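Any read-out appearing in this document is the output of simple, stated calculations on the displayed coordinates, not a laboratory observation. Bear in mind the structure is a predicted one, so any value in this text is a computation, not a measurement. Virtual Cβ from ideal backbone geometry, glycine too; neighbours counted across all protein chains shown.
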Amino acid sequence: MKAFITGITGQDGYYLSELLISKGYEVHGAIRRSSSINTQRIDELISKYEDSNKFNLHYSDLLDPSSLSNLINVIEPDEVYNLGAQSHVAVSFKNPLYTTQTSALGPITLLEAIKNSKKNIKYYQASSSEMFGGVNKDSLNEESKFIPKSPYAAGKVFAHDITKIYRESYGLFATNGILFNHESPYRGETFVTRKITKAVGRIYYKIQSKLTLGNLDASRDWGFAGDYVKGMYKMLQHNEPDDWVLATGETHSVKEFAQLAFKEVGLNWEDYVETSSKYERPNEVEHLLGDPAKANKELGWKPETSFESLVKMMVENDLKSAEKEKVLVNENLLNPTWENPSIN
């Protein structure tokens with residue numbers, strides 16, 4: 001079996017690649033050409049499988065239809081997972097054109113290539129809970145209404161809908177995974193969960209003194225990315241293509257996440273956390289809660305990692321990172337003035 005993954009250098013790309021290789025897949029991934037190395041999350045896989053054909057990287061871009069189509073034709077994968085996007089909601093307000101282009105052009109290009117392929121290729125589209133808008137505290141499922149409140153969410157709604165159109169119009173095995181927030185030690189440092197755990201480690205080792213956040217009352221349904229990629233895989237093994245919500249079914253606020261993260265190192269979060277309106281979104285999504293009942297019933301999927309275990313895992317990882325950073329600071333090999341990115 002062969003799989004092709006866009007967004008392979010991201011958090012989900014790492015966990016999905018690891019899962020598929022463990023199941024005997026030959027994994028291929030698209031990465032953007034850059035003047036700086038941007039494969040940090042998957043360097044372990046690159047090193048481990050450099051002498052085999054189990055893990056293969058190809059230069060391409062979601063905004064380059066010809067290269068994407070060519071890769072599909074050459075690789076002839078059995079499964080395509082479209083995880084690539086400009087995925088930071090706050091950044092989508094500052095760069096709406098690029099955000100919506102990557103969300104829309106990539107899926108259409110991949111679906112066209114699959115439609116025109118002689119091989120029956122299964123397709124997974126990474127949809128997002130942000131599409132729901134979080135206008136109330138209802139538990140959201142596959143039938144809930146989409147009310148996008150950001151350029152990122154609007155782009156994801158388009159991608160979700162075009163995937164359904166190709167499924168219904170051309171009989172493609174095309175699925176949408178509507179994933180609620182999923183985190184891990186591989187989460188980008190500009191996302192609020194990782195921003196918090198990174199700061200906890202640095203504050204514990206006295207590298208920085210404060211953490212500035214935006215809306216502490218925003219609530220999310222947070223799960224572990226390693227659990228969620230198992231759901232992606234199960235969707236493409238189902239007998240029929242469909243759309244499924246993956247979520248934990250419980251919600252926690254940013255404040256709760258911060259409280260628990262600082263508690264892991266015996267610190268009171270209120271002594272270190274400040275808020276600033278400049279980190280709040282122009283159109284805030286206040287509350288997101290998912291209902292994974294359909295995925296549990298039809299796919300046999302359910303999250304295995306608790307919220308508390310997730311926070312602990314992320315804090316422990318960033319404590320180790322901060323400890324190494326502290327050594328470099330003490331040896332005058334690193335300037336300690338770096339603070340968390342000013343994106344929330």
Practice task
Check the straight Cα-Cα distances from residue 230 and name the aspartates and glutamates below 13 Å, setting aside those fewer than 8 residues away within the same chain.
Solution key: 12, 18, 304
Handout entry: Residue of 286, 130, 298 that the Gaussian network model of the chain assigns the largest fluctuation, springs spanning Cα pairs under 10 Å
Key = 298
Exercise for the section: Compute the separation of the alpha-carbon centres of region 262-315 and region 5-59 and state it in Å as a whole number. Expected result: 27
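Would you mind calculating the relative contact order of region 176-238 from Cα pairs under 8 angstrom and at least 6 residues apart, reporting the percent as a whole number?
Working: 39 pairs, mean separation 29.3, N = 63.
Here the relative contact order equals 46 percent.
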Handout entry: 5 angstrom amide H check on residue 245, placed H, neighbours 5+ away
Key = 142, 178, 295
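Tell me, what is the FRET efficiency for residue 64 and residue 279 to the nearest 0.05, using R0 = 35 angstrom and their Cβ-Cβ distance as r?
Numbers: r = 33 Å, r/R0 = 0.95.
Efficiency, rounded to the nearest 0.05: 0.60.
Hand me the trypsin sites (Lys or Arg not before Pro) from region 198-235 located in a DSSP loop with no more than 15 other Cβ atoms within 10 Å, in residue order please. All intermediate terms of the calculation are to be shown ahead of the outcome.
Numbers: sites: 198, 202, 206, 210, 220, 230, 234; in loops: 206, 210.
Sparse-neighbourhood loop trypsin sites (Lys or Arg not before Pro): 206, 210.
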Exercise for the section: Excluding residues fewer than 8 places away in the same chain, name every one of the lysines whose C-alpha is closer than 26 Å to that of residue 320. Expected result: 48, 195, 198, 206, 210, 255, 263, 312
Problem - Binned Cα-Cα distances of the chain, short to long, each 10 Å bin given as a whole percent - result: 5, 25, 34, 25, 9, 2, 0
Handout entry: Neighbourhood charge, 13 Å Cβ-Cβ cut-off, centred on residue 92 and excluding it, Lys, Arg +1 and Asp, Glu -1
Key = +3
Problem - Mean residue ellipticity (222 nm) of the chain, computed from DSSP H runs ≥ 4 via -39,500 (n - 2.57), nearest 500 - result: -13000 deg cm²/dmol
